[in-house]
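K.L.:
I'd like to ask some things about the structure below.
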Amino acid sequence: MNQEKTKTEPENDSRREFMMNMSLGLGGLAAIAVSIPVAGALLAPLLEDKPEVWRAVGSAENFPIGSTQLVKFENADPKAWAGTTAHTAAWLRRESTDKFIAFSANCTHLGCPVRWEAEAKLFMCPCHGGVYYHDGSVAAGPPPIALRQYAVRVADGQVQIGTAPIPITNFSDGQKT
Ligand code: FES
């Protein structure tokens with residue numbers, strides 16, 4: 001009996017070891033099979049080209065020289081599930097006959113929407129008291145830099161804003177601090 005036991009123990013050990021290795025191997029393969037599509041889904045947005053799209057926001061004649069008006073437009077690459085987040089806004093200022101500036105409606109501190117106070121000629125942020133001058137530069141409060149600007153053009157009498165997908169990544173140059 002004892003002899004029988006000593007014969008089967010090494011067999012059991014090697015079978016157990018084999019089964020353990022099989023379990024680990026299959027577990028590893030399953031983990032890889034699951035993680036590849038997950039990693040792909042997470043990384044795909046970083047690798048996609050960010051389309052730049054011009055959005056018409058109204059006829060140029062609707063914006064008197066010297067005015068600053070809120071305009072709303074759709075993001076460059078709205079997803080089917082985006083809902084209201086597919087829409088964004090900018091403060092459009094008409095400086096002269098052919099010069100427009102489109103300021104991002106979001107404060108450069110933590111992103112709260114700023115409002116234009118026409119009387120004071122200031123942009124005010126309600127969250128932490130950020131204040132910007134009419135040209136978007138910082139007047140007071142915690143904002144670290146000036147309001148961001150979108151590219152603007154007039155085509156066929158329509159004012160168009162160059163927008164990018166959220167998060168906005170391709171603001172025009174000319175940032176002021
Ligand atoms: S978010 Fe505008 S001042 Fe903080």
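The values are calculated or read from the model by the stated rules, or taken from the named source; none is laboratory data. Quantities reported herein were computed from a predicted structural model and do not represent experimental measurements. As a convention, Cβ positions derive from the backbone with ideal geometry for all residues, glycine included, and neighbour counts pool all protein chains shown. For the accessible areas, the whole protein counts, side chains as well, though only heavy atoms, and no ligand, DNA or RNA atoms are used. Shrake-Rupley method; radii C 1.70, N 1.55, O 1.52, S 1.80 Å.
K.L.:
Residues to consider are Ala155, Ala80, Ala76, Ala140; find the one that is open to solvent by less than 50 Å² (accessible area, probe 1.4 Å) and without any contact (Cβ under 8 Å) to a residue 12 or more places away in the chain. Break it down stepwise before answering.
P.N.:
Working: Ala155 fails: without any contact (Cβ under 8 Å) to a residue 12 or more places away in the chain; Ala80 fails: open to solvent by less than 50 Å² (accessible area, probe 1.4 Å); Ala76 fails: without any contact (Cβ under 8 Å) to a residue 12 or more places away in the chain.
One residue alone meets the criteria, Ala140.
K.L.:
Moving on. For the range 119-150: of the residues being aliphatic (A, V, I, L, M) and assigned to a loop (DSSP other than H, G, I, E, B), which is farthest from the ligand (Cβ to nearest atom)?
P.N.:
Looking at the filtered set, the residue picked out is Ala120.
K.L.:
For the range 47-70, indicate whether the set of residues that are on the phi < 0 side of the Ramachandran plot, modelled with pLDDT of 85 or more, surrounded by fewer than 10 Cβ atoms within 10 Å (Cβ to Cβ) and in contact with a strand residue (DSSP E or B) (Cβ under 8 Å, 6 or more places away or on another chain) is non-empty.
P.N.:
Yes, some residue in the range 47-70 is on the phi < 0 side of the Ramachandran plot, modelled with pLDDT of 85 or more, surrounded by fewer than 10 Cβ atoms within 10 Å (Cβ to Cβ) and in contact with a strand residue (DSSP E or B) (Cβ under 8 Å, 6 or more places away or on another chain).
K.L.:
In addition: Pick out the one residue from Ile145, Ile36, Ile32 that is at pLDDT below 85 and open to solvent by 40 Å² or more (accessible area, probe 1.4 Å).
P.N.:
Going through Ile145, Ile36, Ile32 in turn, just one is at pLDDT below 85 and open to solvent by 40 Å² or more (accessible area, probe 1.4 Å): Ile36.
K.L.:
Next question. Looking at (1) over 16 Å from Val152 (Cβ atoms); (2) within 16 Å of the ligand (Cβ to nearest atom); (3) aliphatic (A, V, I, L, M), find the lone condition where Leu43 falls short.
P.N.:
(2)
K.L.:
Checking Leu92 against (1) on the phi > 0 side of the Ramachandran plot; (2) modelled with pLDDT of 95 or more, which test does it fail?
P.N.:
Every condition holds for Leu92 apart from (1).
K.L.:
To continue, here is another question. So which residues in the range 90-111 are assigned to a loop (DSSP other than H, G, I, E, B), within 16 Å of the ligand (Cβ to nearest atom) and either under 11 Å from Ile65 (Cα atoms) or in contact with a Ser or Thr (Cβ under 8 Å, 6 or more places away or on another chain) (or both)?
P.N.:
Answer for the range 90-111, where residues must be assigned to a loop (DSSP other than H, G, I, E, B), within 16 Å of the ligand (Cβ to nearest atom) and either under 11 Å from Ile65 (Cα atoms) or in contact with a Ser or Thr (Cβ under 8 Å, 6 or more places away or on another chain) (or both): just Ala105.
K.L.:
Tell me, yes or no, whether the range 96-106 has at least one residue that is over 19 Å from Thr163 (Cβ atoms), free of Cβ contacts under 8 Å to residues at least 40 places away in the same chain, surrounded by 15 or more Cβ atoms within 10 Å (Cβ to Cβ) and hydroxyl-bearing (Ser, Thr, Tyr).
P.N.:
Looking through the range 96-106, none of the residues is over 19 Å from Thr163 (Cβ atoms), free of Cβ contacts under 8 Å to residues at least 40 places away in the same chain, surrounded by 15 or more Cβ atoms within 10 Å (Cβ to Cβ) and hydroxyl-bearing (Ser, Thr, Tyr).
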